[in-house]
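First comes the structure, then the notes that go with it.
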Amino acid sequence: MSGKNKPQDGLAAEAAGEGYSAAAEVGAVRKRRTRSERIWIELKKAPLTAWFGLIVITVYCLVALFAPIIAPHGEAEVFPAPYAPWGGDHVFGTDQIGRDVFSRLIYGARNTMGIALATTLLSFFIGGGLGLVAAINRSWLDQFISRAVDVLMAIPSLIFALMLLSIFGSTVWSLIGIIAVLDSTRVFRLTRSVAVNVVVMDYVEAARLRGEGLGWIMRREILPNIMPPLVAEFGLRFCFVFLTIAALSFLGVGIQPPTADWGSMVRDNASLIQFAQYDMTAAMTPLLPAAAIALLTIAVNFVVDWFLHKTSGLRDDH
Amino acid sequence: MTTKKKGDVLVEMRDIRIDGFSDERWHQIIKGVDLTLHRGEVMGLIGESGAGKSTLGKAAMGYTQPGCKLVGGTIMFDGIDLVKASEAEKRKLWGSRIAYVAQSAAAAFNPAHRLIDQTVEATVGHHVQSGEEARADAVELYKALQLPSPETIGGRYPHQVSGGQLQRVMTAMAMSPRPDLIIFDEPTTALDVTTQVEVLVAMRNIVEQFNTAAIYITHDLAVVAQMADFIKVLRYGEEVEEAETRKMLSKPEMPYTKSLWAVRSIEKQEDISDDIALEIRNVDAAYGGTVKVLHDVSIRIPRGRTVAVVGESGSGKSTTARVITGLLPPSSGEVLFNGTPLPGALKDRNRDQLRRIQMIYQMADTAMNPRQTVGEIIGRPVEFYLGKRGKAVEERVIELLKLIELDESFIDRLPSELSGGQKQRICIARALAAEPELIICDEVTSALDQIVQEGILKLLLRLQKELGITYLFITHDIATVKAISDEIVVMFQGKVVEQGPKSEILSPPHPDYTELLLSSVPEMDPDWLDGLVGSRAAG
Amino acid sequence: MHPVLATVLQRLGLGVVTLFFVSLIIFSSIEMLPGDFGEAVLGQAATEETVAAFRRELGLDKPAWLRYVDWIASVAQGDFGTSFSGRASSGVDRSREVIDLVAPRLWNTLFLAAYAAVISVPLALFLGITAALYRNSFYDRFVNAATLTTISTPEFFVAYILILLLASLNPWFPSLANVTADMPLWERIYRTSLPALTLTLVIVAHMMRMTRAAIISLLASPYIEMAKLKGVSASQVILKHALPNAWAPIATVIAFNLAYLVVGVVVVEVVFVYPGIGQLMVDAVTTRDIPVVQACALIFAATYIILNLIADIIGIVTNPRLLHPR
C-alpha cells in the first residue's frame, strides 16, 4: 500500500475552469491486479538479500518435509565406526557413536524447525490473543496482564527457561510449553502496542458507535490492520525461539537424544575441533549444524527486513 | 550591522528546481520558480499542502532538507551565490544574516537548554555581539514582543512556556543577530486564533521596526494579507501568480487564486425553527471522574437545521459531541432525543437509537478502515441497521455514491486510492447509509484544502435540503460557521457562552469572549490588523 | 518533593516490587516439583525416615508463606540453603552449602562480563555513532550487514569459529578457559581472551545497531534542524544539541546489552568450560539441583533488574522536563 499515484485534489476541476466534479478529483487510479500478480511484481523488485533468504527458507522447508526420502541412512541408525572421516558412504562422516552426520543433519532440519515452529505458533496464539484483548479492554484486565508480563520479563528468558526445565524435565512438550509461554510475553507487548494504536483510530470508534460487537471489531477492524507488523514479528520470534532451543540443546537440557537436533549435534562433536591441524574436514563436522542454524536465521532476518521495508516504508531500521 | 536601504535586491532565485525522494524514486517538488525579494520587503508565500512553499522558503537560505536535492537554478543572496557556497560559508550566513522561524516552536526548541541561551546562541556563535550584549538585547526583544516578565522568561526551559509565547521567543531568536532576512515557516498555524493575533502583531511590529526583509509562508490568505507587501501563490511546485497584496485581494487574475476565496462565498440563508430534535440539558462531564471538562452545558438543536458549535481548543466542543454519542456518559444532566431521554452510555442504547445519530470525523484518513473497500465501508451500516443483504446492499451503496456525486466505479476502491475530498464524501455516505436524523460533523472541513472544503460544504447543504437532516457542526473556523449554520453556540472552557440565531450572534453587542473570538479571526483586508490593534488599544 | 526525586523513588519502589514478585516465582519453583522428588534426590533405596527428614529440612511441613519468609530472610543474609547433590539414600549428607558453590564462580563470571564490557561498550558506541553520522555510506552499509549476520548467529557458532581460527589452526590462545583462584591477573586475562572476544562480537552487534537507531531518531528532531539553520557547526550540533538529549537512549542501550551479556555468558561459559555461574546453573539444571538453580536464577534476575533500573534512573535524571518542572 502506498500513494504511488498520490491523488491530487481539484486538478481536473481547475482544468475545467469552474465546473467542479468530485468524481474527477483523481487524475490516475492504480490499475487493479490479482493477488498473485501483485506478489510476483513485488518479488521481481525484491533485493538480492531477500531472494537469497526466500530460496534458503524454501530449501530448508523441502528438506524438512522430505527428510526420510532424502536422508541416506536412518536418524538413529548406528554404524560400527565412530568418528568416521568424510567421504564414502558417509558424506560428512559419523559422530561419536557412529551415526551418519549427513542424515542426522537432514532429520535435524525437521525436528529443530518443527519444534521451533510449533513453539512460535503457540506463543503467538497466547501472546497475540491476550494482547488484543488487553488493547481493546484497557481496564483492570489490561493492567493485570501488563504488570504480570513486566514481572515475567524481568527474568532473562534463557535463565527462566533453564529454571523451569529443571523442574519439569527436558521433554519435547515441556520445552515447547515453557518457551512458548516465556516468548509470548514479548508477543503480548508487541501486539498490545500495535493494537492500541489501531484501537484509538476513528474507524474503530465509528464501529463502536455503530453498535458493533467486540468480535466484529477485533476480527474486521483491528486484526487486518495489525497483520504486517505481526507477520514480521513472527519471523523474528521464530529466529529467537529457534536460537533459544538450539542453545538449550547445546547446553544439554533441550531436545534429548536419540532425536537428531542441530544444537546437540554441535555439542556432541565439539571435541573434533581440536584436530583441525590434522584433519580439517573432521574439525568442520561440529560447525556444519551450527552453520545450518546460522544460515536459516540469517535468511529469515533478510526476508523480514525486506518485508518491514515494504510495509512500513521506513528507511531506517530500529 | 549592515546598512539597510529599501530597494536593493536581497534575494534573487532563478528557475529553482528541487526534487524530493519518496516511494523509492525522485519526484519534482519545485518545478522552476523565480523569486525576487528586496531589502525591507515582506513576501507572502501561500499555497495548499504539498505546494512546495516550505521547500522553496528554505531554499532561499540555500538549505535543502534531507531527502531533497536542488537540481537546477541559481540562488543569490546579497551577491553571494548560495548554490556554489560551501557549507561553512552558508553556516556563516545562517543565524547571522538569515534567520528561520519554524512552525512548531515546541519541537524546534532544544528541551535541554534555557530559552535565553538558545536565543543568543547564533548571535554569540557568529561573533555578532558578545554574550553580555546579546543577552541584554534579547531582553529588549522580549519586551518588544510583549512577552510576560521579559527579564526572567529567558531563564526558563521550553516546556515551561506556552506555545504562543514560545513562538514569540523564536521570533526574538531570529531577530537577535539583526538579520537581513527572516524566513517565517507557518509560524502561527499551530496556534489558537486568539493567540495567533497576539503573535502576528508582535511579529509584524518587530519586522517593521528593524526594517527586516522576510518571507512569510502560510496557507492562510487572511493571515498573509496582514503581514506581506506582496504575495506569491504556489501550486504543485509552480508559481500561479504574484502581485502586490491589495491588488491580489481585490483583483486576483488566475481561477485558482479566485478559488481560494471560495468557501467565503457560500452563505446559507438563516432559517429558525422551534421543533427541537436534540436537546442537551444541564450536562456536566468529566474525564476519569475527576477532570471536569463540561460545566452545565445546555444546547438545543432544531430539526432540519444546522447548529454550529464554535470555540478554541479546550473549549469542550468535541467533548459535547462525545456526550451526545454516548462515548462519555454525563456525570449529571441529560440528553433528550425527540423529547425522550437517551441512555447516557453507549452500551445502553439500542440499535435504533444508535442509527438515528451518526458522526463524521475531521480526519477522513483515520475514519475509514484502510483494509476495507468503499463498498464494505458504506455497505456495513446498510446491513447492520437496515438488515439488507447481498444485492440489495450493493444497490443501496450505488445509490448513496450517486447521492454524494461519485459513480459506482468507486465501489471497489480502497481508501488509499481516494483523494482527501473523496474520502470525506465516503464518510458522509457512510453516515447517510444509516438513514440518520442527526449528523454530528466534527471539524469535517478543517483538514481539507480550500477548494475541496467548498465542495463538501455545498454537498452537506444540498443533502440537508433534500433529506431534511439535522447537523451539529463543530468547528473553530468562523468562515465555515458563516457559510453553513442557522444557529451558533459559542463555547469557552467547558461552558456555553451564548446560543442564538446566526444573525444575532454575529452582530454586536457580544459578550466579552465572543467579541474576542470574532475580532481575532483574520479578515481578508490588509488593514484589519491595524484596525484591530487600534480598537483594542482604544477599548 | 522535587519531581526527579519523586520519580526516582517511584522507580526504585517499582524495582523492589518487581524483585519481590520475581523472588516469589523463583521460590515457588520448589512448590511445583512433583510430590515424589524426595525419592528422586535421595535415590530409590531411601528409607521413609530419611525422606521425612529431608522434607523437614526443606520445611515442607510448614505453610508455604512461612517458608517463603524464612527463605527470603536467609537469602538476604547470603544463605541460599544446601545443595541437593551429595545426598544419599542412607541419610549420609555430603552436600555443600549453595553459597560456597556460587560465590567463587560468581566472581569468575563478573570478571568475564566486565572484561567483555570494557572492550565492547566503547567500541559499540563508537561504531554506532559513526554509522549514524555517516548514514547510508558504504561504511554504514558494511557495518550494518556484518552486525545483522552476527546477530543471527548462535553464540556457540561464533565461539567455535574463534576456537578453530585462534586456538586450533593457529594455537595463539587456549581453547579451554580453565582459571583458578590463585592465577595472576595477566594469565587470567590471557586465558579468558577467547570467551571475552566471543561475547564482545555478539554484544557489539546488538549494541551498535541500537545506538545507531537511537542517534538517527534523535538527529531527526526539529530542534536539530533548527540548530543547523542557526549556522551551528556540525560538531557543535552533536555536542551541544544532540548529546544532552542522548544520555537516556544511550544509557538504555548500554544497560540492555550488559543485561544481555549476563545471559549470553551462560552459553559461552559452557563452550569454554569456564568455571562461572552460568556453567554451574546448567549443571544444576541437568541434575535438577533446585536450590542451586534458585540461587543462580535469583542472581541473574537481580542483576538484570538492577541494570535496567539504573538505565531508567539515568533517563530520569537527564530529562530536562523533569529536572526543571513548571
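Derivation of every value follows stated rules applied to the coordinates shown; laboratory data play no part. Because the structure is a prediction, the values reported are computed rather than measured. Virtual Cβ from ideal backbone geometry, glycine too; neighbours counted across all protein chains shown.
General observations
- Calculated FRET efficiency for the pair B:GLU435/A:SER193, C-beta based, R₀ 45 Å, to 0.05: 0.70
- Bridges between two residues of the protein assembly as shown, per DSSP, are antiparallel at a rate of about 60%.
- Ranked A:SER157, C:SER235, criterion: other C-beta atoms within 10 Å, fewest first: C:SER235, A:SER157
- Gain upon complete extension [B:VAL533, B:THR74; 0.36 nm per residue less C-alpha separation]: 161.2 nm
- Within chain B, DSSP assigns beta bridges of which about 55% are antiparallel (rounded to the nearest 5).
- Separation between Cα centres of region B:477-539 and region B:121-143, rounded to whole Å: 40
- Over all distinct Cα-Cα pairs of region C:116-270, the Kirkwood formula returns a hydrodynamic radius of 17.3 Å.
- In terms of its C-alpha gyration tensor, chain A has an oblate overall shape, because the principal axis ratio a/c (a ≥ b ≥ c, square roots of the eigenvalues) is not below 1.5 and a/b does not outweigh b/c.
- Only Lys, Arg (+1) and Asp, Glu (-1) charged, at Cβ; chain A dipole about Cα centre in debye: 740
- Shape call, region B:343-435: gyration tensor on alpha carbons, a/c limit 1.5: oblate
- Computed label-point distance, nm, for sites A:PHE125 and C:PHE126 using a 7 Å Cα→Cβ extension: 5.0
- Estimated FRET transfer efficiency when R0 is 60 angstrom, pair B:MET524-C:ALA146 (beta carbons, to 0.05): 0.50
- Residue order, fewest to most beta carbons within 10 Å, for B:ARG235, B:ARG178, A:ARG219: A:ARG219, B:ARG178, B:ARG235
- Ranked by the mean number of other Cβ atoms within 10 Å of their residues, highest first, the peptides B:443-454, A:226-237 come out as B:443-454, A:226-237.
- Inter-centroid distance (Cα atoms) of region C:1-32 relative to region A:147-195, Å: 19
- Note on region B:91-249: percent of Cα-Cα distances in each 5 Å bin, starting at 0 and stopping at the bin with the largest distance, equals 2, 9, 19, 22, 21, 14, 7, 5, 2, 0.
- Per residue of C:155-163, other chain Cβ atoms within 10 Å of the residue Cβ number 6 on average.
- Where a label projected 7 Å from the Cα of C:GLN236 along Cα→Cβ would reach, residues of region B:69-101 with amide N under 16 Å: B:87-100
- Take every Cα pair under 8 Å whose residues are at least 6 apart in sequence, average their separation, divide by the length of region A:159-230, and the relative contact order is 28 percent.
- 5 angstrom amide H check on B:ARG235, placed H, neighbours 5+ away: B:VAL240
- Three-way shape call for chain C based on the alpha-carbon gyration tensor, with the a/c threshold at 1.5: oblate
- Degrees separating the helix B:193-209 axis from the principal Cα axis of chain B, which is the longest one: 20
- Pairwise FRET efficiency - C:LEU12 versus A:ILE97, Cβ, R0 = 41 Å, nearest 0.05: 0.15
- Cα radius of gyration and Dmax for the protein assembly as shown (Å): 35.4, 110
- Net dipole in debye of region B:53-140 [+1 Lys, Arg Cβ; -1 Asp, Glu Cβ; about Cα centre; nearest 20]: 480
- Assigned charges on the beta-carbon of Lys, Arg, Asp, Glu; region B:122-179 dipole about Cα centre (debye): 200
- Region C:201-248 and region C:255-276 have Cα centres spaced 30 Å apart.
- Cα-derived Rg to Rh of chain B, Kirkwood definition: 1.01
- Contact order normalised by residue count of chain B, Cα under 8 Å, 6+ apart, percent: 15
- Eligible aspartates and glutamates near B:LYS458 by straight Cα distance, threshold 13 Å, same-chain separation 8 or greater: B:GLU267, B:GLU405, B:GLU466
- Mean separation of Cα contacts under 8 Å (6+ apart) over length of chain A, as relative contact order %: 20
- Take each peptide in B:406-414, C:146-154, A:67-75, C:284-292, count the other Cβ atoms within 10 Å of every residue, and average; sorted highest first, the result is C:284-292, C:146-154, B:406-414, A:67-75.
- Remark: the B:ASP275-B:VAL9 segment gains 89.3 nm on full extension, using 0.36 nm per residue and subtracting the alpha carbon distance.
- Listed residue pairs exceeding 32 Å between alpha carbons, taken from B:LYS53/B:LYS92; B:LYS268/B:LYS347; B:LYS31/B:LYS90; B:LYS90/B:LYS251; B:LYS58/B:LYS402; B:LYS31/B:LYS482: B:LYS268/B:LYS347; B:LYS90/B:LYS251; B:LYS58/B:LYS402; B:LYS31/B:LYS482
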